[in-house]
Amino acid sequence: KRKAPALEDSNNGRISEFLFELSNFEKNVSRDNHRASAYRKAAQAIASHEVEIKSGDQAKAIKGVGKKIAEKIDEFLSTGKLRKLEKIRANDTNEALNLLTRVSGIGPAKARELVDVGINCIEDLRLHEDKLTAGQKIGLKHFEDFEKRIPRAEIERVEQLLKDFLNRLDSQFVSTICGSYRRGLATSGDIDVLLTHECYTSDKSSKSHGHMLKNVVEELKKSGLITDTISLGDAKFMGVCQLEDSTPFRRLDIRLLPVDQFFCGVLYFTGSDLFNKNMRAHALDMGFTLNEYTLRPIDVAHVAEAPLPISSEEDIFDYISYDYKEPAERTH
Ligand code: DCP
Ligand code: MG
Ligand code: MN
């Protein structure tokens, strides 16, 4: 679940907040992902804008803010509220849909299905668990905990624990915690672990490593760190961990990548998503295609060639002549 960041008490903070709320409405209720992403982009741009916004006209100069959003900003700045949002909030069905989609694993369509049979709140849902998949039940069980932000210090401890644990299991494992944590944020929504092994390459002749991630997850369950599995494949684990009895349950993702794809993965999963988008666009401008696995040149017939050899994040920036940015600078 992607949530709005906590914002300071300022015009920009308040504007960004109502734009995030509109974005959630479009995503969860209207199921209009296009509009949802337009609002989210504007919200992010305004949240990170250095100068205080005092008019819609001024905001329009920001990339991602168009005429309609500028009008809403004017209405908000002059009246202190937004009629559209007041109406949305007054509608009980909207409220219910927004609430239910906050459960990890419940999307807009599932939420609608639940509201249609009269389930409107978390207590209702707990009485009708049979309507949920195994993964959604886990989301419901930990509803309160998953809404809590994870302090950096806790992830630091998980990181150390994981590194010691993997090292004991097999010293050729390499792991990096990516996401907002690697970008240096004070708190995170979940824990995004990338894992590789020095012997595991994408080469087809490389022997099968289909059990590698499953083994790691199995051992982490035994150790007590992993408490639930939402999904588990050869390359991706989604589940739950708990550092110790006194700390909340946390969403944990682990992805296993071949060593030759590790740095494209680290780059992608470090984000931010906006930074990724801009970097991918730059790569295309330079004649390359970049994704979470590989960087490939595009030839004259517009076909992607073989992946380039990469042994660091810097390599990727170098190939496409993009100024290197430290993880903490990767906001856009
Ligand atoms: N990512 C992306 N595009 C998406 C989703 C994810 O580029 N649509 C990449 C960038 C993200 C990273 O994956 O930084 C991890 O995804 P998260 O949803 O966990 O996002 P963050 O870790 O950045 O934030 P949070 O603290 O909310 O987990
Ligand atoms: Mg994350
Ligand atoms: Mn994640």
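The values are calculated or read from the model by the stated rules, or taken from the named source; none is laboratory data. From a predicted model like this one, the values you see are computed outputs, not experimental measurements. Cβ coordinates were reconstructed from backbone atoms using ideal geometry, including for glycine residues, and neighbour counts include every protein chain displayed.
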Restricting the search to region 47-104, which residues are out of contact with any Lys or Arg (no Cβ under 7 Å at 6 or more places or on another chain) and at positive phi? Gly80
Among the residues of region 151-185, which ones are within 16 Å of ligand 3 (Cβ to nearest atom), over 14 Å from the mean Cα position of the chain (by Cα) and crowded, with 16+ Cβ neighbours inside 10 Å? Glu154, Ile155, Val158, Glu159, Leu162, Ser175, Thr176
Please work out which one of (1) closer than 30 Å to Ala45 by Cα; (2) under 16 Å from the mean Cα position of the chain (by Cα); (3) touching a residue at least 24 places away in the same chain (Cβ under 8 Å) is the condition Lys277 fails and give its number. (3)
Scan Leu267, Leu284 and give me the residue that is away from ligand 2 (no atom under 16 Å from the Cβ) and part of a helix (DSSP H, G or I). Leu284
Would you check which residues across region 139-168 are touching a Ser or Thr at 6+ places or on another chain (Cβ under 7 Å), in a helix (DSSP H, G or I) and not basic (Lys, Arg) and list them? Gly139, Phe146, Glu154, Ile155, Leu162, Phe165, Leu166
Looking at (1) at positive phi; (2) crowded, with 16+ Cβ neighbours inside 10 Å, which is the only condition Asp192 fails? (1)
Can you find even one residue in region 233-246 that is surrounded by 15 or more Cβ atoms within 10 Å (Cβ to Cβ), more than 18 Å from the chain's Cα centre (by Cα) and closer than 28 Å to Val103 by Cβ? yes
With respect to Thr201, is the statement that it is more than 16 Å from ligand 1 (Cβ to nearest atom) and in contact with a helix residue (DSSP H, G or I) (Cβ under 7 Å, 6 or more places away or on another chain) true? yes
Name the residue, out of Asp260, Asp273, that is within 13 Å of ligand 3 (Cβ to nearest atom) and acidic (Asp, Glu). Asp273
Residues of region 188-209 satisfying the condition of being within 13 Å of ligand 2 (Cβ to nearest atom) and touching a residue at least 60 places away in the same chain (Cβ under 8 Å): Gly189, Asp190, Ile191, Asp192, Val193, Leu194
Out of Ser104, Ser78, Ser171, report the one residue that is part of a loop (DSSP other than H, G, I, E, B) and either more than 16 Å from ligand 2 (Cβ to nearest atom) or among the acidic types (Asp, Glu) (or both). Ser171
May I ask you to say which residue of Phe269, Phe262 is within 13 Å of ligand 1 (Cβ to nearest atom), buried (at least 18 other Cβ atoms within 10 Å of the Cβ) and touching a residue at least 12 places away in the same chain (Cβ under 8 Å)? Phe269
Give region 174-187 a look and list any residue that's more than 10 Å from ligand 2 (Cβ to nearest atom) and either under 21 Å from Ala235 (Cβ atoms) or of a type outside the set (A, V, I, L, M) (or both), or say none. Val174, Ser175, Thr176, Gly184, Thr187
Cβ-Cβ distance below 8 Å, separation of 6 or more or different chains: which pairs start in region 105-131 with a residue that is closer than 18 Å to Ile230 by Cα and at pLDDT 95 or above and end on one that is outside any loop (DSSP other than H, G, I, E, B) and small (Gly, Ala, Ser)? Gly105/Gly135; Gly105/Gly139; Ile106/Gly139
Here are Leu232, Leu252, Leu225: which of them is away from ligand 1 (no atom under 15 Å from the Cβ) and in contact (Cβ under 8 Å) with a residue 60 or more places away in the chain? Leu225
Scan region 85-101 and give yes if some residue there is in a loop (DSSP other than H, G, I, E, B), among the hydrophobic types (A, V, I, L, M, F, W, C) and touching a helix residue (DSSP H, G or I) at 6+ places or on another chain (Cβ under 6 Å), otherwise no. no
Search region 52-73 for residues being over 16 Å from Phe18 (Cα atoms) and of a type in the set (A, V, I, L, M), and hand back the single one that is surrounded by the fewest Cβ atoms within 10 Å (Cβ to Cβ). Ala61
